[in-house]
Amino acid sequence: MSQRNFVVRHPLLHPVVLFVVGGLVLGVVFFFADMPAQLAAVAYVVVGVVILLTSIDMVKALRAGQWGLDILAVVAMLATLAVEEYLAGLIIALMLTGGEALEDMAAGRASRELDSLINRRPTFANVLDTDGITVHRKNISDVEVGDMLVVRGNEVVPVDGLLMSQRASLDESSVTGEALPVTKYTGDEVISGTVNSTETLQLQATTTAQDSHYAKIVRLVEEAVESRAPMVRLADRYAVPFTVISLIVAGVAWWYSGDPVRFAEVLVVATPCPLLIGAPVSFMGGMSSAARANVIVKDGGTLERLAKVKSAAFDKTGTLTQGRPTVSRIEPVTGSVEETLRLAASAEQYSVHVFAEPIVAHARHENLELLAIDTAEEIATNGVEARTSAGDHVRVGKSSFIAEVAPAHEEFPLNAGESAVYVSKNTELVGIIVLADPLRHASTATLQWLTDHGVDQMVMVTGDMEDTAQAIAQEVGFGRAQVFSSMSPTDKVEVVQRMPAPTLMVGDGINDAPILATADVGIAMGARGATAASESADAVITSENIARLADVVHISKRTVSIALQSIWFGMAVSIGLMAIAAFGYLPATFGALLQEVVDIVAIVIALRALRLHRDIPSKRITSPRRATTPVRV
């Protein structure tokens, strides 16, 4: 067990806390035994050590550009020693050290969901030897693409692969959020991190452990766990004015009363640990709730920005639509259906676009022999350009891309949810492949929810053609002015930069990576999304449910609200206690005890963020609703 986890589970066993508690116990004994010299000696040793440790941390924070409230605690402890309020000084020391231990405990509880994802990652795989009989255990890092793996009952699938057994029942809840077991059949894709049922299955590895779906999620979670709780920055905004006000009130009380004890009494209750503890714990709780809603938030600052989002941009394919396009029909022009499909599939083997896989899969289903390709290049947002071994120049992509070499053609009429892929050979348009990619069932309702909750402007930015984009836009209720089609990655960035800040971008492909990084908050639909998009994003939705976007926005707004409640509660109570102490009605020792109670209440307030996943919008978003509020660009 690591030292940190030991402290989290047993906060009172922290060495410094034990040291301070022992000193406080001795101090109480010496106080009631009327042994002032011994009490003073204990206080100077214990409080002195805490002052030294706190000062070292405070200097490090100041060098990092972070102004904190520890200076008030240091001044308060020095003041208690100066006016011989030794018990009060010992209580403040316990408040600081115990508060940090309590923060570790609360943050540990808040990050439990994030930690559980990391701890569940598999460490080994059962590999079936080439003889088809012997099974041996292999370190997961040694698994290679093509290995035949055996996953026993209730084991975690170690890497992504293709199911070789006739069928399998898998629990994908920890990865995609699907509550019910999912049935897979021979040839279906099985993603790592899912849990097998009771029947042993076999699958062929299609990725290494490092590149597997679950490994990507774990890397995102590790970044989230290690990130600094961002609300500390918000608390820091209050630190300087609060410190100044506290010192002024304490100084005025001393000047007005002529009693230096009054200075110490005010500062004893002016050490608002809710600002130091409550806000970070709130954000850790919010990140934990987001994780339970299948959204991995990389750092708490994302929640703070997301709560204030005023405008949003959405990619189309794989974001508003299901991202599972299938070939619905092939329209030959100068060639045949077979030639159109063969040329397209041969070139699309070298593409990472979402349309490439279904075209290649359709050609294989039709048992077509593909052409040998000498060179191939993907032109971002346009298509693929390839040269066959026979010397033919092949282009596959959007209409404008094909028009550069085969200009004599018109846009092909499409139905809602359809996209057209044009195929040319040399200077002729060979044919058109029409793919259908239906709208996600919750897209319209999710966009309406965002409109109802403060997102004033929403647009669609896509590399698809105008007709294809407008067909989907009509389904979700977007007006023509809200659609930006035939966009390159640079064009998308420019659109988002013109929108009112803070901006949100939601996408899933490689071409979305630049715009996800440009937006104030980038969210990737990462259940099958490209690595580049996930790494550029601030948060990743690990399920196929776009309604999770509404969930994380809701969680972010409530998290910020809870954190601010913790901050204002701490400041209000501290200011009230300072006012009482300034008039001499709150002895230092009693004030220090009251401050401990305030700390505990602040932590309880902050931990409410852990329950935010229990009441989320996706539970109410059950059917599409057409957006009714017009949004202007």
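Where a number appears in this text, it was derived from the coordinates with a stated rule and is not lab data. All figures in this text were calculated on a predicted structure; none of them were measured in a lab. A quick note on method: Cβ atoms are made from the backbone with ideal geometry, for glycine too, and the neighbour counts reach across all protein chains shown.
Note on E410 and V252: the extension gain reaches 48.7 nm, defined as 0.36 nm multiplied by sequence separation minus the Cα-Cα distance.
This model, with +1 at the C-beta of Lys and Arg and -1 at the C-beta of Asp and Glu, gives the range 326-436 a dipole about its Cα centre of some 80 debye. In this simple spin-label model, placing a label point 7 Å from the Cα along the Cα-to-Cβ direction at both D374 and Y350 gives a separation of 1.1 nm. The residues W254, W449, W568, when put in order of fewest to most other Cβ atoms within 10 Å, stand as W568, W254, W449. Going from the residue with the fewest nearby Cβ atoms within 10 Å to the one with the most, M95, M35 rank M35, M95.
Is the range 326-436 rounded, prolate or oblate when judged by the Cα gyration tensor, a ≥ b ≥ c being the square roots of its eigenvalues, rounded requiring a/c under 1.5 and prolate requiring a/b larger than b/c? Because its axes are fairly even, with a/c under 1.5, the range 326-436 counts as rounded. Of R292, R608, R548, the sequence from fewest to most neighbouring Cβ atoms within 10 angstrom is R608, R292, R548. With R₀ fixed at 22 Å, the C-beta to C-beta distance from V182 to H365 puts the FRET efficiency at about 0.45. Taking a ≥ b ≥ c as the square roots of the eigenvalues of the alpha-carbon gyration tensor, the range 122-217 is classed oblate because a/c is 1.5 or more while a/b is no larger than b/c.
Couplings 3J(HN,Hα) of the range 29-37, computed from phi: 4, 5, 5, 6, 8, 6, 10, x, 5 Hz, in residue order, whole Hz [Karplus 6.51 cos²θ - 1.76 cosθ + 1.60, θ = phi - 60°; x for Gly and Pro]. Shown is the FRET efficiency for R480 and Q166, computed with R0 = 41 Å from the Cβ-Cβ distance and rounded to the nearest 0.05: 0.25. Note on T326 and I133: with the Förster distance fixed at 25 Å, the Cβ-Cβ geometry gives a FRET efficiency of about 0.05.
The stretch between D456 and V244 holds 72.5 nm of extra length on full extension. This uses 0.36 nm per residue minus the Cα-Cα distance.
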